[in-house]
Amino acid sequence: MRTLSILLILLPAISCQAQSLIGVTLPAPNKERGLTVMQALALRASATDMDTSMLSVNDISDLLWATVGINREESGKRTAPTALNAQEINLYLCSAEGIFLYLPKEHALKLIVTGDHRKEVAGRQEKAAEAPIFLILTADLRRFPFGDDERRKLWAAMDAGIASQNISIFCAGTGLSTRPRATMNSETLHELMMLDEKEILMLNHPVCN
Ligand SMILES: Cc1cc2nc3c(=O)[nH]c(=O)nc-3n(C[C@H](O)[C@H](O)[C@H](O)COP(=O)(O)O)c2cc1C
């Protein structure tokens, strides 16, 4: 009886604790959820208020897949198109635990740097650092088979914009909040994330409940 009472006291605290993303196995994306496309478009708006509570692993899994996940296994093509199918957009997730790279083939997160670096993603808009997670879009210009740097950056900007819109529409359709942002401490993040000089930071999205 005493054990039961202790458990009942502890249970709310345990269930409120956000699950760690380190080493987590992401569930398969739920492709049935959400509003209709038109309803999501009608609701899409850049959020101004941040709910600081952590997203569920199911929401994170679906969000990552919706952004740049593989939607055609046979060709490995993605939910977001890319110029020349270069698939140069990399998706990172920054939380209080660290920065993770999304691996579309494995539908998994790989920890690349530990620690809370949300302030670097928020940049001069300091309040944004309260968001539980940020998605960060980079473009690895080396993946384009041809084209000079100017042309590659142009393609990368178009492709990052498309992935960004996937995030916004997914959030609008599933009751989450987000805002596309170019603001961030790009040089610091570039170093912190150990990116190649040809992999450039494009956009980030705080995502909240
Ligand atoms: C490429 C891009 C960069 C943006 N950068 C920022 C930013 O750094 N900070 C910010 O608060 N909002 C940023 N925004 C959000 C815009 O301010 C917002 O989309 C615009 O005010 C229109 O509002 P709406 O998205 O609700 O329609 C950005 C939007 C885009 C598309």
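Summary of computed values
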| read-out | value |
| --- | --- |
| 24 Å Cα-Cα threshold exceeded, pairs from Lys31/Lys198; Lys31/Lys153; Lys77/Lys110; Lys105/Lys127; Lys110/Lys198 | Lys31/Lys198; Lys31/Lys153; Lys105/Lys127 |
| Mean projected area (nm²) of the alpha-carbon convex hull when region 60-125 is viewed from all directions | 5.3 |
| Whole-Hz ³J(HN,Hα) from phi, Karplus 6.51 cos²θ - 1.76 cosθ + 1.60, for region 25-40, glycine and proline x | 8, 6, x, 4, x, 8, 8, 9, 7, x, 6, 6, 4, 5, 5, 5 |
| Between helix 57-68 and the chain: long-axis angle, C-alpha atoms, 0 to 90°, nearest 10 | 10 |
| Karplus-derived 3J(HN,Hα), 6.51/-1.76/1.60, for each residue of region 84-100, Hz, glycine and proline x | 6, 6, 6, 6, 8, 7, 9, 10, 10, 10, 10, 10, 4, 7, x, 10, 10 |
| Ser46 paired with Glu187, simple spin-label distance in nm, labels 7 Å along Cα-to-beta-carbon | 2.4 |
| Cα-centred dipole magnitude for the chain, charges only on beta-carbon of K, R (+1) and D, E (-1), debye, nearest 20 | 400 |
| Added length on full extension, which subtracts the Cα-Cα distance from 0.36 nm per residue, Thr25 to Lys198 | 59.3 nm |
| Extension gain (nm, one decimal) between Ala157 and Lys119, 0.36 nm per residue minus Cα-Cα | 11.3 nm |
| Probe 1.4 Å, protein heavy atoms only - accessible area per residue of the chain in square angstrom | 54 |
| Carbon/sulfur fraction of accessible area - the chain, other protein chains in place, 1.4 Å, % | 54 |
| Karplus-derived HN-Hα couplings along region 137-151 (A = 6.51, B = -1.76, C = 1.60, θ = phi - 60°), whole Hz, x at Gly and Pro | 9, 10, 10, 8, 5, 5, 6, 6, x, 7, x, 6, 4, 4, 5 |
| Restricting region 94-126 to trypsin sites (Lys or Arg not before Pro) in coil, as DSSP defines it, with at most 11 other Cβ within 10 Å | Lys105, Arg124 |
| Kirkwood-Stokes translational diffusion coefficient of the chain, alpha-carbon pairs, 4 °C, 1.567 mPa s, µm²/s | 72 |
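The values are calculated or read from the model by the stated rules, or taken from the named source; none is laboratory data. Values in this document were obtained by computation on a predicted structure and should not be read as measured data. Glycine also receives a Cβ, built like all others from the backbone with ideal geometry; neighbour counts cover every protein chain displayed. When the accessible area is computed, the model is the full protein with side chains, heavy atoms only, and any ligands, DNA or RNA have been set aside. Shrake-Rupley method; radii C 1.70, N 1.55, O 1.52, S 1.80 Å.
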